[in-house]
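So the structure is just underneath, and the comments pick up after that.
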Amino acid sequence: MSDDHSLELLSRFARLISADRGDRELQPVHWLALGFLNRANRYSRTPKGLTAWLDQTKGSVSQTIAVLEKKGLVSRHSDPADKRVVRLDLTAAGQRMIALGMTPVAEQMLSYLPKNERAQFIQMVERMIKNQISRMQGRQFGLCKDCRNFIRGDSGNHCQLLGVPLQGFESEQICIEQDAA
Ligand code: SF4
């Protein structure tokens with residue numbers, strides 16, 4: 001396959017997904033933001049964390065947050081420990097929306113592949129994205145449990161970087177500060 005053809009296919013693939021408005025009045029960027037807020041840990045669910053995840057300008061991300069707030073899917077509040085820091089959380093409606101699944105077009109396109117090919121495809125895409133992010137020296141946003149600052153202990157886990165205890169479920173969350181071990 002020529003490089004030109006690969007580029008054309010990848011572009012068409014991305015365009016089909018990004019043009020999908022879906023039947024739930026959400027654009028793909030809204031789904032990406034909801035997905036991030038569903039998977040990120042408490043330190044990463046901020047406008048700054050979301051901006052890094054979406055790799056967009058602060059202005060665009062503010063608009064995305066405003067839309068999600070207006071739809072009642074995301075709430076914003078000050079961090080009790082530091083009032084200057086804004087934290088974002090999914091509301092109950094946001095969690096219900098996430099439970100509905102990804103954008104219809106992306107879901108449909110993946111459904112054309114048998115289960116084993118779908119898993120292989122996801123792994124390949126993951127590898128390509130990780131390599132590209134590393135080449136661009138961007139953030140990896142890996143899982144907390146794979147971070148060099150994640151300390152597992154008999155009486156509980158804790159984060160060496162932030163000096164805080166971590167609850168069990170937090171080891172599976174993604175973190176803006178993750179530093180792959
Ligand atoms: S251990 Fe690493 S990934 Fe987990 S909260 Fe601390 S910095 Fe983030």
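The values are calculated or read from the model by the stated rules, or taken from the named source; none is laboratory data. Note that this is a predicted model, so its numbers are computed, not measured. Cβ coordinates were reconstructed from backbone atoms using ideal geometry, including for glycine residues, and neighbour counts include every protein chain displayed.
Here are the numbers for this structure:
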| quantity | calculated |
| --- | --- |
| Residues that are part of a loop (DSSP other than H, G, I, E, B), within 8 Å of the ligand (Cβ to nearest atom) and more than 23 Å from residue 34 (Cα to Cα), drawn from segment 137-152 | 148, 149 |
| Checking residue 176 against (1) within 7 Å of the ligand (Cβ to nearest atom); (2) within 14 Å of the chain's Cα centre (by Cα), the condition it does not meet | (1) |
| From 66, 14, residue being free of Cβ contacts under 8 Å to residues at least 40 places away in the same chain, assigned by TED's automatic domain parsing to the domain that holds residue 83, among the aliphatic types (A, V, I, L, M) and farther than 21 Å from residue 87 by Cβ | 14 |
| Any chance residue 181 is of a type in the set (A, V, I, L, M, F, W, C) and without any contact (Cβ under 8 Å) to a residue 40 or more places away in the chain | yes |
| Qualifying positions in segment 158-173 - without any contact (Cβ under 8 Å) to a residue 60 or more places away in the chain, surrounded by 15 or more Cβ atoms within 10 Å (Cβ to Cβ) and more than 7 Å from the ligand (Cβ to nearest atom) | 158, 171 |
| Matching entry among 155, 134 (being without any contact (Cβ under 8 Å) to a residue 60 or more places away in the chain and assigned to a loop (DSSP other than H, G, I, E, B)) | 155 |
| Every residue from segment 27-67 that is aromatic (Phe, Trp, Tyr) and either surrounded by fewer than 20 Cβ atoms within 10 Å (Cβ to Cβ) or closer than 19 Å to residue 133 by Cβ (or both) | 36, 53 |
| Among (1) within 30 Å of residue 6 (Cβ to Cβ); (2) without any contact (Cβ under 8 Å) to a residue 60 or more places away in the chain, the one test that residue 109 misses | (2) |
| Unmet criterion (only one of (1) closer than 29 Å to residue 162 by Cα; (2) surrounded by 15 or more Cβ atoms within 10 Å (Cβ to Cβ); (3) out of contact with any strand residue (DSSP E or B) (no Cβ under 6 Å at 6 or more places or on another chain)) for residue 94 | (3) |
